[in-house]
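A quick write-up on the structure given underneath.
Every read-out reported here was derived from the displayed coordinates using simple, explicitly stated rules and does not represent laboratory data. Since the structure is predicted, the reported quantities are computational estimates derived from the model, not experimental observations. Note: ideal-geometry Cβ built from the backbone for every residue, glycine included; neighbour counts use all protein chains shown.
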């Protein structure tokens with residue numbers, strides 16, 4: 001039987017590859033992001049991978065550097081040895097769970113935070129001679145953020161807000177955040193206040209968003225060191241005119 005290969009994104013951080021004709025294997029990965037420091041006890045953290053399928057699940061972890069864009073964070077093709085996984089590979093029995101420990105082993109005195117993706121990739125299994133099946137291979141991406149010990153706390157500020165249109169042509173809230181620090185920060189660790197006044201001066205929206213609300217509507221909101229990032233939300237407005245104000249309140253104390 002001729003094999004067909006095809007890949008596409010499924011949800012956030014999970015890539016799936018269709019190799020060929022029944023379903024073999026499924027897995028869940030937790031957490032979706034880990035926060036490390038360059039030295040000390042917090043320089044490592046666990047990732048749990050659970051095999052939800054009926055067959056043994058071969059898994060391999062590959063760590064790559066990240067690239068920050070103006071409105072996103074992406075995995076690069078640059079493999080790194082500065083974060084390693086213990087063990088790097090495992091075969092997880094049906095219904096079983098494997099804990100992989102992610103360890104930062106790079107320079108301990110870095111002046112900027114560093115950022116990686118741990119790609120938790122399901123490996124294909126060899127089928128018996130003459131047997132065919134669909135193998136759905138999951139490739140989850142776990143964000144690994146490593147804070148500098150000397151760069152201080154993140155310094156997030158709103159540098160602009162605007163009304164843009166979404167795919168349905170409806171006006172939604174958009175804003176830009178700058179991080180002046182050399183350490184990364186999460187928008188969701190603080191709080192947002194959003195206010196819109198239409199062209200007639202009528203207030204159409206006043207909303208406060210704390211951690212859980214931000215995570216559900218925007219995500220973690222990672223902003224890298226000395227980076228500016230634009231966020232387009234799903235918060236709809238009654239009109240595209242008028243004035244939009246977005247303010248951010250940082251959390252108290254260190255992350």
remark   = Bounding extents of the chain in its principal axis frame from Cα atoms, largest first in Å, are 73, 46, 29
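Compute the length gained on full extension between residue 208 and residue 65: take 0.36 nm times their separation in residues and subtract their Cα-Cα distance, giving the result in nm to one decimal.
Details: separation 143, 0.36 × 143 = 51.48 nm, distance 3.43 nm.
Between residue 208 and residue 65, full extension yields 48.0 nm more.
Provide the packing ranking of 177-188, 225-236, i.e. peptides ordered by the mean count of other C-beta atoms within 10 Å per residue, highest first.
Values: 177-188: 21.6, 225-236: 17.1.
Result, highest mean first: 177-188, 225-236.
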inquiry  = Can you compute the equivalent ellipsoid semi-axes for region 156-249, i.e. the square root of 5 times each eigenvalue of the Cα gyration tensor, sorted largest first and rounded to whole Å?
reply    = 24, 13, 13
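Once every DSSP H run of n ≥ 4 in the chain is given -39500 (n - 2.57) and the sum is divided by its residues, what mean residue ellipticity at 222 nm do you get, rounded to the nearest 500 deg cm²/dmol? Can you show the working numbers first?
Details: 1 runs with 7 residues, N = 255.
It lands at -500 deg cm²/dmol.
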task = Assign one of three labels to region 82-226, namely rounded, prolate or oblate, based on the Cα gyration tensor with a ≥ b ≥ c the square roots of its eigenvalues; rounded applies when a/c is under 1.5, prolate when it is not and a/b is larger than b/c, and oblate otherwise.
result = oblate
ask   = How far apart, in nm, are the 7 Å Cα→Cβ label points at residue 35 and residue 216?
value = 2.1 nm
